[in-house]
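Read through the structure below, which is laid out as structure tokens, and then see the notes.
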Amino acid sequence: MNILVTGGAGYIGSHTCVTLIEAGHTVIVIDNLCNSDIKTVDKVKKITKKDITFYQIDMTDEMAVNYVFSSHNIDSVIHFAGLKAVSESVEKPLSYYYNNVVSTMIVSKACHKHNVKKIIFSSSATVYGKQKVPFIETMNLLPTTNPYGETKAMSERILTDLTKANPEFSVTLLRYFNPVGAHESRLIGEVSNGIPHNLMPFITQVANGKLERLHIFGNDYPTIDGTGVRDYIHVLDLAEGHVAALNKLTPGVHIYNLGTGRGTSVLQLVNAFEEANCIKIPYEIVDRRPGDIAECYADASKAQRELGWTAKRGLVDMCRDAWQFEMNYRE
């Protein structure tokens, strides 16, 4: 199939492009490169030994997006494009609402106009808000604790309503938990400019001496050691979940959690990184971040049952691959 991947030069998008190409699909990538790098597209080409059609386009530019749809016989869209940092969304809510919600509107309109009836949307566990863990797909969407989560919930509702009005559409909403790790080639992984928003690149930058110490945001949560608990999943497992979802696209709206089903605290992840790479990570406890919750992990049994997908890689793999990429990236 010809798959349009929006945000395909980003962290999850680039790994998914590799996995799609290895599964025999052709990818067309749109990315405005606001938090990614054109070199990543070249690295995907190097890994796969396949060419990629790339457009540097902002997904809020409706005319440009329609041009891409008109120029290709697109079978399905995987929509990753959007701003993605929880803490930043609290500081810049209007940017997040505009970029993330408008881009979903434009993708939806383009799919409807050009008769592309298969859509996979990059959603997030943040749509669950504060509910009892593990999170299950049948839970209601609650008001989330941050604008980022609200944009994902709004986008889910847009795509759901699109499908209600057009029953022949196939929409899959993939709710991600916390992707970490990198491709085994060491060519692509998670890159942060400046102070990272996510935990693993923060850890790797401390490990390589770029940052003096890790900041752990709060140690007074009601968790195993007081630090926040998340469901960390290897980015390649996440990418493989998209291929599994693509193979099962049927009319209607389908929702799947993509996680391991296991909660890991910040301190547990730090310890796993130290053990996997024999590197000590100095840290200090600082105030909680606005928008963070105590625990977030998945019930991933539906994806296993219906898609035949399950996360295969463990914490050691995630920590090792993230560090290997960081060393190669900085060389």
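Here are some notes:
- Residues that are at positive phi and surrounded by 24 or more Cβ atoms within 10 Å (Cβ to Cβ), drawn from the range 1-57: Gly7
- The residues of the range 5-36 that are in a loop (DSSP other than H, G, I, E, B) and within 18 Å of Pro179 (Cβ to Cβ), listed by number, are Gly7, Gly8, Ala9, Gly10, Asp31, Asn35, Ser36.
- Filtered residues of the range 160-182 (kept if surrounded by 23 or more Cβ atoms within 10 Å (Cβ to Cβ), among the aliphatic types (A, V, I, L, M) and either free of Cβ contacts under 8 Å to residues at least 12 places away in the same chain or under 13 Å from Val235 (Cα atoms) (or both)): Val180, Ala182
- Single unsatisfied condition, Ser192 versus (1) at pLDDT below 95; (2) hydroxyl-bearing (Ser, Thr, Tyr); (3) closer than 22 Å to Gly241 by Cβ: (3)
- A count restricted to the range 130-148 and to residues that are within 19 Å of Ala85 (Cβ to Cβ) and not in a helix (DSSP H, G or I) stands at 3.
- Summed over the range 69-100, residues that are surrounded by fewer than 21 Cβ atoms within 10 Å (Cβ to Cβ), small (Gly, Ala, Ser) and modelled with pLDDT under 95 total 2.
- Residue list for the range 1-36, filter: in contact (Cβ under 8 Å) with a residue 24 or more places away in the chain and small (Gly, Ala, Ser): Gly7, Gly8, Ala9, Gly10, Gly13, Ser14, Ala23, Ser36
- Set Val286, Val253: member being touching a residue at least 40 places away in the same chain (Cβ under 8 Å) and crowded, with 16+ Cβ neighbours inside 10 Å: Val253
- In summary, Glu306 fulfils each of the numbered conditions (1) in contact (Cβ under 8 Å) with a residue 60 or more places away in the chain; (2) closer than 21 Å to Asp231 by Cβ; (3) not in a loop (DSSP other than H, G, I, E, B) with the single exception of condition (1).
The values are calculated or read from the model by the stated rules, or taken from the named source; none is laboratory data. What you see is a predicted model, and the numbers here were worked out from it, not measured in a lab. With ideal geometry, Cβ positions are generated from the backbone for all residues, glycine too; neighbour counts draw on all protein chains shown.
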